[in-house]
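The values are calculated or read from the model by the stated rules, or taken from the named source; none is laboratory data. Computed from a predicted structure; not experimentally measured. Cβ: placed from backbone, ideal geometry, glycine included. Neighbour counts: every protein chain shown. Quick note on the areas: whole protein, heavy atoms, side chains included, nothing else; ligands and nucleic acids left out. Shrake-Rupley method; radii C 1.70, N 1.55, O 1.52, S 1.80 Å.
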Amino acid sequence: MRTKKPIIRNKQTMVDNEDQYSSEQEYDVIVKTPATTSKQRETTTLPSQFNYYTEKDISKILSNLDSLRNNVYPPAENDSESETKLQSFPSVCLIGLGRCGSNIALEVASLVHNARNFYMNEFNVELKKAKESDNKPVKWLQKNLKLNSKNSAQPVFLIEPLVMLGDLDKDIDGRIRFSSKGAESNFLDEYRKLKIMDLSEVHAGGAGNAPILGQYLAKIILNKDTQHFSNNDWKFIHSYLIDSCGIKANQSRLYFYIFSAGGGTGSGMASEFGLAQQYSYMSKTFDVKPERDLASQNQSFVFEPIFTSGICILPNITDKSMQMSEALHINAGRLLCKYLSEEWDFSYNLDVDDGHTAEVMNRIRPWNAMMLISNDIMRYAEENDNGGTINEIDVNAMEKHANQYISQQIFNILTAQAVTTDYDENYFHRAGIDIGETIRLDANDLFMSLAGPVAIAYAESVVASEDSDGKRLDIDDLFYRSIDLPHYNKQTQAIEGISLLPIESGRYKKVLADYKNGNFNPEQIRKLHFYQNCSSVVSIVSLPKDFKLSYMDLNKLKVHLNSLFPNTTLKRYALVIGASANLSLTTLIAKSPCLSDDFLTLIVAYIKRCFAKDNYRYDETIDKAIVEFIRAEHFDEQLLMDMLVENENPAKILDTNWYAIKPMYEKKYKELIREQNKFTSINDIRLTADNVKKAIMYLREIYRHRISKTRIISLNEEFEESYSAPTKRSRQESFFDEPDVSGND
């Protein structure tokens, strides 16, 4: 445990010395004695475990942002300099890392770009027909946005995100262009909001399916001064993504990191990029600059919250028709173990001093939340699309399903930023929902509502217009389909279902069947830890512009949510009107997904392979022990440590090559970053047994999550006892479950 260092502060001293606050990366303790008359200060450096490079010169940051902005929004040829309007950055940024992440982010960008062009009628009929014939994700988005309907009221298309693609690949630009060949040939040139992070000068050979190497290479990239990169665009991207997050000049507030957990590049880089962004953001929190410095730049560092989320694709686990590489499971387990350890330190660890700047900075986590989408469940969607059986898995089809599912979720989260104006307060009261619970999901709402691992439940339905004879909306069925196994809805062309199964698929099917056959009685299904231990949910209901959801249906939805999630401390609702042709329901389930079978299986696979001592690597001792550690009232930390080595052993993934790789990569670090005090050994980023312990402590915390219902507290007991009205007495008994001992009739 770190020793707590005293902080000596004086309010008047801080005011007097405001103009002398340092903007350096490290932080100072200000000490001033009453006898001091000059504005001098002594400083004690508070060390940080991170060496991330951040640009401190505001003018350089603003100049870099302007360069990126001018590239994204080139001024029109006929605009004079005085008429040029300063464009704002999109409020959303997608960061695709690794092959899988960059392909998915590219797909989302392509869908958004195509939708925009169709919406503005910029494509000719032949191109539109070609798109509709073979691209289900495009068809879903076209239909959801009513892009092909000439007579209907068009919904508002809200946003085109800024898209950053990065990979440790020498020819990422060529691969991206090849990946987008299915789109129109000029897509990459037209979608100027798409930027490629060419990092090949640091490394051009991938991460060898080892996340620790991907993480180490990302650390080199992020610790190196951006001025020393030969790729001039990198400093612009770095200023946007890292240096300026949250400030007025950078209007982006939502950041989604898309990556595969089973690989090396995405799994290793995403976490490190997220940490660098969080470090820069938190640094500005503690760095109060003099007002005159800000005024000279017309810039404010009093900034709004940003919401960052990892969108993590987990590898196949239970598919018996294909053998997955064990390394994919171990890689994913490492990422999950690392994230839970960081979440424990950030959110629950009370053994650190919350008021100490260095302590806060040393326990940041990479994202506010990490959304989990299992690649395994995409198989169910593929099976459903093939009549319920499948002999050979079409990997390309599964990837398309994954791309579409993620695209749907991002799209619905983006549309949830719309303002709810079509409903008044009385509508929500009749539905039993407080207007304060009804939100549009801007960055601050997500920041306050979601944390830790998150799963997604999704479904949508075609709704009848007022002048049609269509069947009435079945809200019960809509909710059921959102938590069902993933399946393809041929009517809406959407992939529905839950993104991470609570338990093994066969058992979950039986639980769901009982739930549906029992008229949606949640008594059994809500006993699953996935639902019982959920601390918060966010539900997004997206409606067509001309459709009004009855308050009875909205009340039914609330009843389902309350019944299925009995221990949530926070439920948030967003109604989005006019952004889609169909009614859709998206429910974000926070924290409890870490108690699902798949999540625990991946973490244990990693612990056994990379931490377990020889006696425990091959049997079920550790499997059973970790389940007991989570369940037991007392956590026997010593027993855990007796089973594990102190540091993870990457050689268990890379075999004997590890001992040749380590010095080679460290040499690369020393050559690219010459400052000796910034050197980080690859040993320093290995996870430790302490990380495993913290991950288990996080799981224990979520496993024990409960709430107690609010009870009436009164100072009027004497009045209650003397008041003989029967209704009052029965009310007291109902609230307190105590007999009436007043003696009154």
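Distance from the Cα centre of region 515-593 to that of region 628-707, in angstrom? The distance from the Cα centre of region 515-593 to that of region 628-707 comes to 37 Å. Solvent-accessible surface of region 470-597, taken per residue with a 1.4 Å probe and all protein chains present: 35 Å².
What is the sum of charges around residue 92, taking Lys and Arg as +1, Asp and Glu as -1, for the other residues whose C-beta is under 13 Å from the C-beta of residue 92?
Working: positive: 193, 253; negative: 160, 442.
Residues near residue 92 contribute 0 overall.
Computed packing ranks the peptides 586-595, 196-205 as 586-595, 196-205, most packed first, by mean other Cβ atoms within 10 Å.
Using a 10 Å cut-off on Cβ atoms, rank the peptides 325-333, 676-684, 96-104 from the highest mean neighbour count down. Could you put the intermediate results ahead of the total?
Working: 325-333: 22.2, 676-684: 12.2, 96-104: 27.0.
The densest-packed peptide leads the list: 96-104, 325-333, 676-684.
List the pairs from 652/694; 56/668; 667/694; 490/510; 338/662 whose alpha-carbon separation is above 30 Å, in the order I gave them. Could you put the intermediate results ahead of the total?
Values: 652/694 22 Å; 56/668 26 Å; 667/694 32 Å; 490/510 24 Å; 338/662 21 Å.
Beyond 30 Å between Cα atoms: 667/694.
Taking a Cβ cut-off of under 14 Å around residue 522, the surrounding Lys, Arg, Asp and Glu residues balance to a net charge of +2, with basic ones at +1 and acidic ones at -1.
The listed peptides 248-254, 273-279, 503-509, ordered by packing as a protection proxy, come out as 273-279, 248-254, 503-509 (highest mean of other Cβ atoms within 10 Å first).
Of the accessible area of region 564-681, computed with a 1.4 Å probe over protein heavy atoms only, carbon and sulfur atoms account for 48 percent. Under 5 Å from the amide H of residue 207 lie the amide H atoms of 265, each residue being 5 or more positions distant or on a separate chain, with H modelled from the backbone and absent for Pro and chain starts.
Each 10 Å bin, from zero up to the one with the longest distance, holds this percent of the alpha carbon pairs of region 548-589: 21, 56, 21, 2.
What is the sum of charges around residue 365, taking Lys and Arg as +1, Asp and Glu as -1, for the other residues whose C-beta is under 11 Å from the C-beta of residue 365? Please report the intermediate quantities before stating the final value.
Details: positive: 338, 363; negative: 342, 343, 345.
My count for the surroundings of residue 365 gives -1.
Just need log10 I(q)/I(0) for region 569-654 at q = 0.16, 0.24, 0.25 Å⁻¹, Debye formula, equal scatterers on the alpha-carbon atoms, no solvent, rounded to two decimals. Those come out to -0.73, -1.27, -1.31, one per q. Rounded to the nearest 20 debye, the dipole magnitude of region 462-588 is 400 debye, with +1 charges on Lys and Arg beta carbons, -1 on Asp and Glu beta carbons, and the Cα centre as origin.
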